[in-house]
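The values are calculated or read from the model by the stated rules, or taken from the named source; none is laboratory data. Owing to the predicted nature of the structure, the values given are computational and were not obtained by experimental measurement. So basically every Cβ, Gly included, is an ideal-geometry build from the backbone, and we count neighbours across all protein chains shown. Just the protein is used for accessible areas: all its heavy atoms, side chains included, with ligands, DNA and RNA removed. Shrake-Rupley method; radii C 1.70, N 1.55, O 1.52, S 1.80 Å.
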Amino acid sequence: MKICADSIIFSLQGVGGISTYWSQLLRGLQNRQDMDLSIRLGRTNRNSLAISQIDADGRISHDLLPSPAARYLPITGGGSDILHSSYYRILVPFDRSKLITTVYDFIYERYVT
């Protein structure tokens, strides 16, 4: 099974619960033998510590647009069976990948400071 992990959260958040959760999820998935994991990062990455803890073996690609702009644009699964988004992105129309989004806490979205 081919899985593409959209790790845009590393570009949107310096440190925090979501980036910690996401880096732990990727570390667990990369050791699975039954899946082919590719990791997609934003063009600007604030959380280099979390990224450095992921042994990607050349499976990391970067978005073309800066993360603040890319966050609101649809994404493609790149031929993967599953696209797992780290922060509420949508697929481009007619993409055959299945989209998984982890829903965290919406307090930040409601009470923006």
Of everything in the stretch 7-50, what is at pLDDT below 75, over 11 Å from the mean Cα position of the chain (by Cα) and not charged (D, E, K, R)? Give them in sequence order. G14, T44, N45, N47, S48, L49, A50
Restricting attention to the stretch 87-113, the residues that are more than 11 Å from C4 (Cα to Cα) and part of a loop (DSSP other than H, G, I, E, B) number exactly 17
Could you check how many residues of the stretch 1-28 are open to solvent by less than 10 Å² (accessible area, probe 1.4 Å) and of a type in the set (D, E, K, R)? 1
Is it the case that L64 is open to solvent by less than 90 Å² (accessible area, probe 1.4 Å) and either part of a loop (DSSP other than H, G, I, E, B) or at pLDDT below 80 (or both)? no
D55 passes all but one of (1) charged (D, E, K, R); (2) touching a helix residue (DSSP H, G or I) at 6+ places or on another chain (Cβ under 8 Å); (3) open to solvent by 60 Å² or more (accessible area, probe 1.4 Å); (4) at pLDDT 65 or above; which number fails? (4)
